[in-house]
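S.K.: Below is the structure I would like to discuss, written out as C-alpha cells.
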Ligand SMILES: Cc1ncc(COP(=O)(O)O)c(C=O)c1O
C-alpha cells in the first residue's frame, strides 16, 4: 500500500477534534507533535502493569525492566545505534545537553576551542557557552549565509584548528527548516581531531537518522517532536560515553547507559517513546515497501523505521512545496528559508515567514482565532532571528506541517492568511 493519509490520521485522535465545528489545524508541530493511540495505550499499560522501580525480583519490577530494555532497543533501531547501551534517556534534550556538556567540559582544557553555530536552537548553543565560560574554552561561531539559509562548509574549514575539540551543530533548523549536511560536518571535524554533538531534535521527526552513517559522536533528540511523549534521548559513541566522567550519585551504576541517567526515569515516557518508534515501524511495514529496499543492511523494526522515514519525507516534501508556493503568492510575505522547489531535499517542511507590516504575534493570534495553530517569535533560535535582523520585528511566524497534515489544511491556511494579512 502506498502512503495513505486517511489511514495515518486515523491513528491520531487529536486530529479529529474540533471546537464549535472548527477543526483544529496543527501546524505547531516543530514545538511538539500529536501522538498516535498506540503511544497513549503503551503509557497507560506501563502505569497500570509495570509501575515499580527497576531490578527487583517481583512481577511489576520485572515488567518495568522489560519496558526500559524495549525502549532502548527501539531508540537504537531508530538511530541505528551499534548498541542499546549507547542510548541515554532523560527529561528532554536541553537537560541531557547540559548534562553532557558538564561531562565533556571535564575532558577539555583551558584554551581548547569549540564551534557552535548561529543557526542552532539555543539548547545546542548556551550549554556550550556556559561550559566554555566555566572551563576557559575559546568559542568560535559558524555563521550561516543569510541569503541561502545554509552553511558554507568552507567557513567551517577556516574555523577548525588543531585546538578544536568539539563542533556542535543541528540536524535541521527549528526556525528556517534547513537540513544540514551533518556527515560532511563530522568528516571535517574528525579530520581536525574534534568531536561532534548533533542536535537532531528537528531532523529526527522527518528524515532517517543513522548515527553510524553520520559518524557523529553524540546525537540528541526529543520524543515529543516525533509523535511520542515528553522525553529526551541522547546517543553517544560507546568509547566516549565510557571514558567521560558522569555527574552521578555514588550509589548509581558506573556502567552504560545507567551512569548518565540521573535518578528515577519516566518509565511511562520510555514506554511511549518505544511505541512512537513502533508507530514508524508500522508505517514502514505497511506503506513503505519500496523504501524498504533502500535498507538491505537492516532487519525487522530497524529496516521498517528507516523505510518509513523516507516514505513520510517524500510526502512532506509535497506539503513544503505547496506551503512555500502559497506563502510566496501572498503580497508582503517573505519566506525565510530554502525556497527553491528543486531543493526540497535540503529542508524539512518547517517554514518561517514574516510580513511587511503585520507583526508575527498578531498573525499567529489571528490564525489561532480560526483554530489554525502556529508559533511566532524566535522559538529559541535567538541567533537566527538576530542574524536575519528580525529581532525588533517580533521574529517570524513558523508553520510546521508533518506527515499527518493534509494539502487541504495548507489551502485553509493560505486562504486564512489572504483574509488576515493587511
Ligand atoms: C532544534 C531544537 N533543539 C532543541 C530543542 C529543545 O528540546 P527539548 O524541549 O527536548 O529540551 C528544541 C525544542 O524546540 C529544538 O527545536
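The values are calculated or read from the model by the stated rules, or taken from the named source; none is laboratory data. What you see is a predicted model, and the numbers here were worked out from it, not measured in a lab. Every residue, glycine as well, gets a Cβ built from its backbone with ideal geometry; the counts of neighbours run over all protein chains shown.
S.K.: May I ask you to list the residues in the range 97-146 that are surrounded by 22 or more Cβ atoms within 10 Å (Cβ to Cβ) and either part of a strand (DSSP E or B) or modelled with pLDDT under 95 (or both)?
M.R.: Scanning the range 97-146 gives 114, 115, 116, 117, 142.
S.K.: Residues to consider are 199, 152, 162; find the one that is away from the ligand (no atom under 16 Å from the Cβ) and either in contact (Cβ under 8 Å) with a residue 24 or more places away in the chain or farther than 26 Å from residue 397 by Cα (or both).
M.R.: Unique residue meeting the criteria: 162.
S.K.: Let me ask you something else. Among the listed residues 319, 323, 327, identify the single one that is assigned by TED's automatic domain parsing to the domain that holds residue 11 and closer than 15 Å to residue 8 by Cβ.
M.R.: Residue meeting the stated conditions: 319.
S.K.: Now for a separate question. Being surrounded by fewer than 19 Cβ atoms within 10 Å (Cβ to Cβ) and away from the ligand (no atom under 16 Å from the Cβ), is that true of even one residue in the range 372-379?
M.R.: Checking the range 372-379: not a single residue is surrounded by fewer than 19 Cβ atoms within 10 Å (Cβ to Cβ) and away from the ligand (no atom under 16 Å from the Cβ).
S.K.: Restricting attention to the range 20-42, report how many residues are over 19 Å from residue 10 (Cβ atoms) and surrounded by 23 or more Cβ atoms within 10 Å (Cβ to Cβ).
M.R.: From the range 20-42, those over 19 Å from residue 10 (Cβ atoms) are 20-22, 27-28, 30-32; that's our starting set.
Within this subset, residues satisfying the condition of being surrounded by 23 or more Cβ atoms within 10 Å (Cβ to Cβ) are 27, 30.
Residues flagged as over 19 Å from residue 10 (Cβ atoms) and surrounded by 23 or more Cβ atoms within 10 Å (Cβ to Cβ) within the range 20-42 amount to 2.
S.K.: Of all residues in the range 329-370, count the ones that are touching a residue at least 24 places away in the same chain (Cβ under 8 Å) and outside any strand (DSSP E or B).
M.R.: 23
S.K.: Now for a separate question. Go through the range 204-220 and give me each residue that's more than 11 Å from the chain's Cα centre (by Cα) and part of a loop (DSSP other than H, G, I, E, B).
M.R.: Of everything in the range 204-220, those that are more than 11 Å from the chain's Cα centre (by Cα) and part of a loop (DSSP other than H, G, I, E, B) turn out to be 208, 210, 215, 216, 217.
S.K.: Tell me, yes or no, whether the range 253-271 has at least one residue that is within 30 Å of residue 38 (Cβ to Cβ), in a loop (DSSP other than H, G, I, E, B), more than 13 Å from the ligand (Cβ to nearest atom) and within 19 Å of the chain's Cα centre (by Cα).
M.R.: No, because not a single residue in the range 253-271 is within 30 Å of residue 38 (Cβ to Cβ), in a loop (DSSP other than H, G, I, E, B), more than 13 Å from the ligand (Cβ to nearest atom) and within 19 Å of the chain's Cα centre (by Cα).
S.K.: Would you check if residue 110 is free of Cβ contacts under 8 Å to residues at least 60 places away in the same chain, touching a helix residue (DSSP H, G or I) at 6+ places or on another chain (Cβ under 8 Å) and more than 16 Å from the ligand (Cβ to nearest atom)?
M.R.: yes
S.K.: While we're on this one: List the number of the failed condition for residue 154; all other conditions in (1) over 30 Å from residue 272 (Cβ atoms); (2) crowded, with 21+ Cβ neighbours inside 10 Å; (3) out of contact with any helix residue (DSSP H, G or I) (no Cβ under 6 Å at 6 or more places or on another chain) hold.
M.R.: Going through (1) over 30 Å from residue 272 (Cβ atoms); (2) crowded, with 21+ Cβ neighbours inside 10 Å; (3) out of contact with any helix residue (DSSP H, G or I) (no Cβ under 6 Å at 6 or more places or on another chain) one by one, residue 154 breaks only (2).
S.K.: When you scan the range 338-354, how many residues do you find that are closer than 19 Å to residue 403 by Cβ, surrounded by 22 or more Cβ atoms within 10 Å (Cβ to Cβ) and touching a strand residue (DSSP E or B) at 6+ places or on another chain (Cβ under 6 Å)?
M.R.: Result for the range 338-354: 4.
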